[in-house]
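Report on the following structure.
Since every read-out is calculated from the coordinates, none of them should be taken as a lab result. Since we're looking at a predicted model, the values are computed, not measured. A quick note on method: Cβ atoms are made from the backbone with ideal geometry, for glycine too, and the neighbour counts reach across all protein chains shown.
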Amino acid sequence: EESLSLAGRTVLISAGGTREELDPVRFLGNWSTGRQGYAFARAAVARGAVVTLVAANTELPDPAGAKVVRVVSARDMDAAMLAEAPGADVIVMTAAVADFRPVVRAEAKIKKDGALPPPIELTENPDILAGLSRRRAERGPAGQVIVGFAAETDPSLDAARSKLARKGCDLLVLNRVGDGEGFGAADNEWVVLAADGGATPVPRRSKDALAEVVLSLAAARLS
Ligand code: C5P
């Protein structure tokens, strides 16, 4: 596919998996490595973009030429993304965000004291992607292109279309996870759905190749 330039454009990317603290030594987390987001950062830098990468708990080397903002929790990531969003031409939310966090973070390490295991009460985290779409609708810039991901163990195009509408983004990358695919796997198979009705299947190739396809779709939507 054509490698449309992003020279002079600003691209904001989230990567990795958020962690929600239970106490000073424990957290609820997920298996995301951040590799897909880092692939986007490299590809956007190569197209001449000014790139900010908001990285949650990744162990990858900083991509050359990108500004990296490190975060831990979903709320940290929400604040960092909202702070960077006003200047972004393209936003790509590859991060695996915890939907829930513990209501309380214990100040001391939770002890096994012979009693019953402690219950963990959870509360909902902000939906960062939906919030970014809302922010754009309220405050612009109108031409900003927002890309979300939907990692599903049982992918359905219908469900993905509803998710795209619910999140208010322009592109949604649907991929299958589990059974050796998705998180941490070397490659993957995707469909990129567009809010204007398009669907672009992407064959099983590398995360770098997916980033190129998605950036071309995003760049084509920038006026
Ligand atoms: O709803 P679901 O988790 O499947 O949506 C996935 C997409 O939404 C991803 O782009 C992810 O980064 C984003 N997301 C988010 N905030 C959440 C949950 C998911 O931005 N709390």
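Under a 5 Å amide H cut-off, with hydrogens placed 1.01 Å from N, ILE91 pairs with LEU12, VAL145, ILE146, VAL147 among residues at least 5 apart or on other chains. Taking 13 Å as the cut-off, the amide N atoms of region 11-34 that come nearer than this to a point 7 Å along the Cα-to-beta-carbon line of ILE120 belong to 19-31.
Just add up the charged neighbours of THR94: K/R +1, D/E -1, any other residue whose Cβ is under 11 Å from the Cβ of THR94. Don't jump to the answer; show the numbers that get you there.
On the way: positive: ARG35, LYS207; negative: none.
Here the count lands on +2.
Less than 5 angstrom separates the built amide H of ALA56 from those of ALA15, GLY16, GLY17, VAL71, all sequence-distant by 5 or more or on a different chain. Basic side chains Lys and Arg get +1 at the Cβ, acidic Asp and Glu get -1 at the Cβ, and with that the dipole of the chain about its Cα centre reaches some 400 debye.
Compute the signed sum of charges (Lys and Arg +1, Asp and Glu -1) over the other residues within less than 11 Å, Cβ to Cβ, of ALA194. All intermediate terms of the calculation are to be shown ahead of the outcome.
Details: positive: ARG161, ARG221; negative: ASP170, ASP196.
Surrounding charge for ALA194 is 0.
Where only DSSP H runs of four or more residues are counted, the chain gives -8500 deg cm²/dmol as its mean residue ellipticity at 222 nm, each run worth -39500 (n - 2.57). Here the contact order of region 1-141, divided by its residue count and restricted to Cα pairs under 8 Å and six or more residues apart, works out to 30 percent. Between the amide H of ALA150 and those of VAL173, LEU174, ASN175, distances stay under 5 Å, these residues lying 5 or more places away or on another chain, with hydrogens modeled in the peptide plane. Length gained on full extension, ARG205 to GLU138, computed as 0.36 nm times the residue gap minus the Cα-Cα distance: 20.4 nm.
Summarising the strand pairing of the chain, around 40 percent of its internal DSSP beta bridges are antiparallel.
With a simple spin-label model that places each label point 7 Å from the Cα along the Cα-to-Cβ direction, the separation between ASP99 and LYS67 comes to 3.3 nm.
Working from Cα positions, state the angle (0 to 90°, nearest 10) between the long axis of helix 74-84 and the longest principal axis of the chain. Roughly 30 degrees, rounded to the nearest 10.
Which of TRP190, TRP31 has the fewest other C-beta atoms within 10 Å, and how do the rest follow up to the most? The partial results should precede the final answer.
On the way: TRP190 25, TRP31 10.
Final ranking by Cβ density, sparse to dense: TRP31, TRP190.
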